[in-house]
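Inspection log for the structure reproduced underneath, given as structure tokens.
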Amino acid sequence: MRQSYRFIELTIKIAMPIMAIISAFLLCGLMLAAAGYDTLEAYKAIWMGAFGSKTSIALMLNKSAPFILLGVGVAIAFRGSSFNIGAEGQFFAGALGCALSEGILRNFNLPPWLLITLILFSSLVFGGVYGAIPGYLKAKRGSSEVVTSIMLSSVMILFVGYMVNGPIQEPNKLYSETQEIVEAARLPYIWEGTRLHAGILFAIVFALIIYFILEKTTFGYKIKAAGQNRLAAEYGGINPNFITVSTFIISGALSGLAGGIEVLGVSWKLYLSISPGYGYNAIAVALLAQLNPLVIILSGLLFGALNAGCNQMSRMIGVPAALSALLQALVLLFVIAYMPLQSKIEKRLMRESL
Amino acid sequence: MLDTLMSIDLTSLMQSTIRLAVPFILAAIGGLFSDTAGISSIELEAVILIGAFAAFAGAYYSGSLYVGLLCAVIAGILLNTIYAYMVVGTGASAPLVATTLMLLAIGLTNFFNRALFGVSIEVVRVKSMQAISIPLLHNIPFFGKVLFEQNILGYFTFLLVLAQWFFLKKTALGLEWRAVGENPVAADTAGIPVRRYRAIGVLLTGIFAALAGAYLSIAASNIFIEKMSAEKGYAAFAIIILGKYTPGGALLGCLLYGFADALQLNLQAMGADVPNQFLLMLPYVFTLIVLFVSGKGRRPSGHGKFFAGRSHR
């Protein structure tokens with residue numbers, strides 16, 4: 001009896017996100033048709049754009065890396081019942097930390113592995129410190145972290161805009177970007193003949209680490225306890241404010257790392273359009289995976305594929321690339337729309353299995 | 001810097017203060033309709049953005065600004081129907097649904113903006129709303145120019161603040177409304193349809209926040225820009241908290257915001273020797289300070305508490 005209950009529960013857990021994805025594609029297809037495009041042709045182009053060739057697969061994996069890192073970051077904050085929607089700002093904080101530290105370290109002739117480690121570590125620290133602020137405001141003053149983190153996001157994006165037009169602008173002062181990073185600081189390619197860089201490996205390793213922390217350590221247990229019932233956790237000797245701030249720091253650090261990886265692996269310089277809104281859609285990545293870091297690897301790959309695919313599609317048949325933002329938002333909408341349904345079925349199963 | 005500040009013309013500064021405050025006021029007063037009934041209005045940002053686009057598209061295709069306003073209202077109602085269904089109906093987390101709607105609003109407006117208007121070199125424009133001077137009153141020195149030369153949405157906004165204040169404080173229905181926000185269970189026992197009031201509150205929020213968006217695209221300007229809501233909805237949400245969930249408090253907070261924004265724009269225009277980005281940061285930093293000072297604020301005690309309805313108990 002118990003066995004079959006668990007089996008059904010698992011089936012529902014897998015079926016719900018798939019249903020959400022299918023529903024999103026159906027509704028989006030209708031909107032595409034309404035806007036006068038050929039839906040099937042567009043979807044085929046997305047598929048080809050993401051999986052059509054060796055190059056496009058590499059591109060898709062590169063796009064997935066930040067989605068996975070940011071998604072895991074959002075998930076750990078969520079588990080501790082904080083809502084970090086400012087991952088975009090922490091991503092840019094990390095990218096800024098990366099550009100600044102590269103600017104200092106480039107003259108020291110360090111071996112590549114050390115140089116890359118130091119730079120990425122500074123991205124981690126920048127993102128973490130910036131992520132700490134909404135956590136602190138929530139713990140100390142009870143300010144809504146949704147509003148504070150999004151405001152801080154806007155502030156950071158403007159600040160990076162100032163930096164790349166002023167203090168750290170490239171030497172010719174023509175473009176709003178930093179000068180290209182030295183060759184030693186670039187992430188190595190890991191697939192012959194493509195531009196697939198090591199970022200995806202970082203993303204997978206960090207997803208595994210966070211999974212381990214959440215499931216196998218006391219700290220992880222405390223995060224989940226504080227997330228489920230703040231009062232009960234406090235009664236059990238857990239300081240919920242500490243959990244709020246520390247999960248926000250981890251969340252920010254992962255976002256910052258993603259920013260550093262994007263600069264070292266893809267753009268090789270810092271400018272404002274390095275992110276197509278990774279931070280916002282990371283929320284959908286995390287929720288689609290039901291906040292499980294291992295499953296986030298899969299949902300991150302899906303979102304990477306959607307982004308890379310839509311970019312290609314836009315180039316091939318002229319449907320706006322903004323379609324990917326729409327598709328991703330619809331996926332999230334259906335995920336949360338199906339949530340009550342899922343808990344209803346689960347509750348019913350629970351009653352029947354007792 | 002000080003010289004620059006001193007040389008600003010006070011009348012024009014106050015005029016732009018009001019002009020910039022209007023969308024905040026519409027959004028915050030709209031938000032209060034759900035907040036006072038106990039439902040968080042954190043979805044304002046999404047509604048403003050959708051409203052701005054719907055108004056622009058409606059006005060562009062019909063050639064009439066009033067059709068634009070109507071389209072904004074319809075879009076706001078549709079979006080907040082989702083919000084009401086999920087938050088009031090199923091008890092889903094308000095910040096979560098609000099964020100989803102924000103992403104949806106960004107996705108929809110970006111996609112249809114490019115699909116309908118393209119990204120050509122020539123910017124698509126509409127004819128924007130004109131100011132209407134009220135006879136006699138607009139001749140009063142200073143106040144005449146500041147208050148009585150608004151466009152129709154501006155006047156509507158002032159009346160709306162008064163109407164909401166009257167409704168919440170002076171009518172029996174308003175008392176019931178606030179009871180739903182303070183203590184939904186007690187209100188239910190007294191026979192007040194808690195969930196219906198809350199759902200209506202969310203829809204009213206949708207209408208007025210969408211008009212705030214319309215103000216941005218077809219009254220204060222004549223174009224639609226992607227993400228043109230620029231976190232104004234979140235700022236309005238913070239203002240509601242700062243204003244202790246009252247119409248008067250929200251009005252004051254919005255005027256303060258409008259003033260800060262006007263000052264910032266004036267400084268930019270006069271070429272103050274501060275980088276542009278830092279001036280643009282001011283409203284966001286301002287919101288952060290507001291949130292730090294007001295913290296959770298004094299909100300209705302039933303705020304954010306899901307009420308499942310009688311049959312579920």
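Some values worked out for this structure:
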| item | result |
| --- | --- |
| Leading residue at positive end of dipole, chain A (Cβ point charges), from A:Leu291, A:Phe25, A:Met151 | A:Leu291 |
| Linear extension gain, A:Leu114 paired with A:Glu183, 0.36 nm per residue minus alpha-carbon span | 23.5 nm |
| Selected from A:Ala322, A:Phe78, A:Leu120, residue furthest toward positive end of dipole (chain A; charges at beta carbon) | A:Phe78 |
| Estimated FRET transfer efficiency (B:Gln268, A:Trp47; beta-carbon r; R0 45 Å; 0.05) | 0.45 |
| Sequence-separation-based contact order of chain A, relative, with Cα cut under 8 Å and 6+ spacing, percent | 35 |
| Fully extended contour minus Cα-Cα distance, from B:Ala131 to B:Leu173, at 0.36 nm per residue | 11.7 nm |
| Eligible lysines near A:Lys138 by straight Cα distance, threshold 22 Å, same-chain separation 8 or greater | A:Lys222, A:Lys224, B:Lys232, B:Lys244, B:Lys296, B:Lys305 |
| Ratio Rg/Rh [Cα only; Rh per Kirkwood] for the protein assembly as shown | 0.97 |
| Spatially proximal aspartates and glutamates relative to A:Lys344 (Cα-Cα < 19 Å; intrachain offsets below 8 disregarded) | A:Glu9, A:Glu352 |
| Cα-projected label distance for B:Thr81 with A:Glu352, points at 7 Å along beta-carbon direction, nm | 3.3 |
| Sum of side-chain charges, B:Leu104 neighbourhood, beta-carbon under 15 Å (Lys, Arg +1; Asp, Glu -1) | -2 |
| Label-to-label distance, nm, for residues given as A:Leu27 and A:Leu341 (7 Å Cα→Cβ offset) | 1.1 |
| Cα-only Debye scattering, segment A:63-318: base-10 log of I(q)/I(0) at q = 0.08, 0.10 Å⁻¹ | -0.30, -0.47 |
| Proximal lysines to B:Lys127, defined as alpha-carbon separation beneath 23 angstrom and excluding residues fewer than eight positions away on the same chain | B:Lys145, B:Lys227 |
| Cβ charges +1 (Lys, Arg) and -1 (Asp, Glu), total dipole of segment A:63-318, debye | 480 |
| Helix-derived mean residue ellipticity, 222 nm - over chain A, DSSP H n ≥ 4, -39500 (n - 2.57), to 500 | -26000 deg cm²/dmol |
| Neighbour net charge for A:Ser56 - beta-carbon separation under 13 angstrom, K R +1, D E -1 | +4 |
| Neighbourhood charge, 14 Å Cβ-Cβ cut-off, centred on A:Ala99 and excluding it, Lys, Arg +1 and Asp, Glu -1 | -2 |
| Residue among B:Gly243, B:Phe286, B:Phe53 farthest towards the positive dipole end of chain B, charges placed on Cβ | B:Gly243 |
| Residue list for segment B:199-233, given a label point 7 angstrom along the Cα-to-Cβ vector of B:Ser62 and an amide N cut-off under 19 Å | B:206-224 |
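Rule-based calculations on the coordinates, nothing more; no lab input. For clarity, every value in this text was computed on a predicted model and none was experimentally measured. Reconstructed Cβ throughout: ideal geometry from the backbone, glycine too, with neighbour counts over all protein chains shown.
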